[in-house]
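Notes follow the structure.
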Amino acid sequence: MDSDVNADGEDTHAERAEVHFLAALADELMRGLLLAGVLSQAQLNEIEAAVALRVGSSPRAW
């Protein structure tokens, strides 16, 4: 069984769970803004690209 605590004594399982929760929350908020007409698909793509650049990942398309 994998340990949920890393060499520094940090609870990595809890941290992963929190990151996944926050990512899902952001996704739902962005989807809500799109469906409500607050932001356009192009604007969401711009936000996604800026965040991806900031964290060093590939942007997802809206």
Mean ellipticity per residue at 222 nm, deg cm²/dmol - from DSSP H runs of n ≥ 4 across the chain, formula -39500 (n - 2.57): -21500 deg cm²/dmol
Dipole magnitude of the chain, debye to nearest 20 (Cβ charges: Lys/Arg +1, Asp/Glu -1, about Cα centre): 500 debye
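Using a 1.4 Å probe, what is the accessible area per residue for the chain, in Å²? Walk me through the numbers before you get to the answer.
Values: 5030 Å² over 62 residues.
On a per-residue basis, the chain sits at 81 Å².
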The chain - Rg and Dmax from Cα coordinates, angstrom: 15.6, 47
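The values are calculated or read from the model by the stated rules, or taken from the named source; none is laboratory data. Note that the structure is predicted; figures quoted are calculated from it, not measured. All Cβ positions, even for glycine, are placed from backbone atoms using ideal geometry, and neighbour counts span all protein chains on display. All accessible areas refer to the heavy atoms of the entire protein, side chains included, with ligands and DNA or RNA removed. Shrake-Rupley method; radii C 1.70, N 1.55, O 1.52, S 1.80 Å.
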